[in-house]
Amino acid sequence: MTNLQIADLQTAAPIEKIALERYVAPDRPSFVGMTRTELADALGAAGVPEKQRKMRVQQLWHWIYVRGVREIAEMTTISKELRAQLAERYTVARPEVVAEQVSADGTRKWLLRLPSENPGERPHEVECVYIPDTGRGTLCVSSQVGCTLTCSFCHTGTQRLVRNLTAGEIVGQILVARDRLGDWEGGTPPTDGIVPLDGGRYVTNVVMMGMGEPLYNFDAVKDALLIVTDGDGIGISRRKVTISTSGVVPLIERAGEEIGVMLAVSLHAVRDELRNELVPLNRKYPLAALMDACRNYPGLSNARRITFEYVMLKGINDSLDDARALVRLVMGMHAKINLIPFNPWPGSKYECSDWDQIEKFSEVIFNAGYSSPVRTPRGRDILAACGQLKSETEKLSARERMALRAMSMTE
């Protein structure tokens, strides 16, 4: 490790963590998460003639994202010979469910082991959460193993950043959820919890609010969400897909232009000095720059508002002066304020604001003409609520972590 690398690590560490590992593809990669171009290239590598590839890509797309098959052998509109050829080289693998917890309120949390682990090393794991509600079901999806940021109120932020997820690992979380919920044609819903039973699909909304900062894994998140919103596949409307960012200002406009989904911003403070503490990324991209990027988010309208997430911390950011400053901060913008009662986690130094204070705070915002719903805490009993996710990959020893960091810095 050079002196320059050490200096970079020391200055960046308080704000953004260094990834310890890189993705290594398995011997047989999964078709899940590949773009249509990548699928065509994969078919070409398997010997499929060029004039057949467009049709074969469409067949694969349908079987993976409409029918939800878990084996290439199940793709019965493709000849047995070609299925066998493809199965020698590829899979349709998605993450493995290591553990499933069901909250008293119906929220489900899955600990998922990724299929793309390095041989001989501990497997990588992430968490994914499903929140059922009347007429809809929201899936909270992770974008990184761990998180690059160090937000002081967030449990995930205390975890080291292992690596970015691939597009396939992001899309794979949605396929796993649909598997477990019986959310494919002819599927059987679970009997040990709650799912919407209005005759529609169970996974109707996707939010990139799980482990990680999505905009620091931009390319994979983009490829994944373009698959999620593709009308010939999973087919979830872009207005029902949300990227949540802590404020990676240079990539906010790109997200609007290239992905075109809804935007949520983890705000949590109205003054730079406090936000520097709660969301240390603010030292790099302060409030003025962040709000300017939000005002210029492509496609912003009353029907496509930015959601500002604001966690309610007792005695920290919950005064009525804070509420009035928050109104001034978003004034003139198509926005809504989502107030989040703080969800405690082991070792946290914060407390949730008193309920009557949250209501007074909300009233100030509402009276100024902005929607200010208070998010009902979901899944607290299984540590599945906002800010509580943290995977089992934390169990690596300190010696292993130091060795991995040293290797990553010398590559």
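The values are calculated or read from the model by the stated rules, or taken from the named source; none is laboratory data. Just so it is clear, the model here is predicted, and its values are computed rather than measured. When we count neighbours, we look across all protein chains shown, and the Cβ atoms used for this are built from the backbone with ideal geometry, even at glycine.
Within the stretch 97-118, none of the residues are closer than 27 Å to residue 269 by Cα and polar (S, T, N, Q).
Of the strands (runs of 3 or more DSSP E) that lie entirely inside the stretch 53-135, those containing 3 or more residues that are surrounded by fewer than 21 Cβ atoms within 10 Å (Cβ to Cβ) span 96-102. Annotation: of all residues in the stretch 199-221 being among the small types (Gly, Ala, Ser) and more than 19 Å from residue 151 (Cβ to Cβ), the one that is nearest to the chain's Cα centre (by Cα) is 220.
Here 252, 259, 243, 227 are screened, and the one residue that is more than 15 Å from the chain's Cα centre (by Cα) and buried (at least 20 other Cβ atoms within 10 Å of the Cβ) is 252. Residues of the stretch 309-366 that are under 28 Å from the mean Cα position of the chain (by Cα), in a helix (DSSP H, G or I) and not hydrophobic (A, V, I, L, M, F, W, C): 362 alone.
Out of the residues in the stretch 207-224 meeting the condition of being hydrophobic (A, V, I, L, M, F, W, C) and free of Cβ contacts under 8 Å to residues at least 60 places away in the same chain, tell me which one is surrounded by the most Cβ atoms within 10 Å (Cβ to Cβ). Step by step, filter the stretch 207-224, then rank; the result is 215. In this structure, does residue 47 turn out to be in a loop (DSSP other than H, G, I, E, B) and surrounded by 14 or more Cβ atoms within 10 Å (Cβ to Cβ)? For residue 47, the condition - in a loop (DSSP other than H, G, I, E, B) and surrounded by 14 or more Cβ atoms within 10 Å (Cβ to Cβ) - is not met. Within the stretch 290-308, the residues that satisfy the criterion of being surrounded by 15 or more Cβ atoms within 10 Å (Cβ to Cβ), at pLDDT 95 or above and outside any loop (DSSP other than H, G, I, E, B) are 290, 291, 293, 294, 306, 307, 308.
Reported count of residues in the stretch 244-288, each being in contact with a Cys (Cβ under 6 Å, 6 or more places away or on another chain) and of a type in the set (Ser, Thr, Tyr), is 0. Looking across the stretch 311-363, the residues that are in contact (Cβ under 8 Å) with a residue 24 or more places away in the chain and among the acidic types (Asp, Glu) come down to 318, 322, 351, 354. Considering only residues that are surrounded by fewer than 13 Cβ atoms within 10 Å (Cβ to Cβ) and among the small types (Gly, Ala, Ser), look in the stretch 7-37 and name the one that is modelled with the highest pLDDT. The qualifying residue modelled with the highest pLDDT is 25.
Could you check, for the stretch 48-67, whether at least one of its residues is touching a residue at least 24 places away in the same chain (Cβ under 8 Å) and at positive phi? Scanning the stretch 48-67 turns up no residue that is touching a residue at least 24 places away in the same chain (Cβ under 8 Å) and at positive phi.
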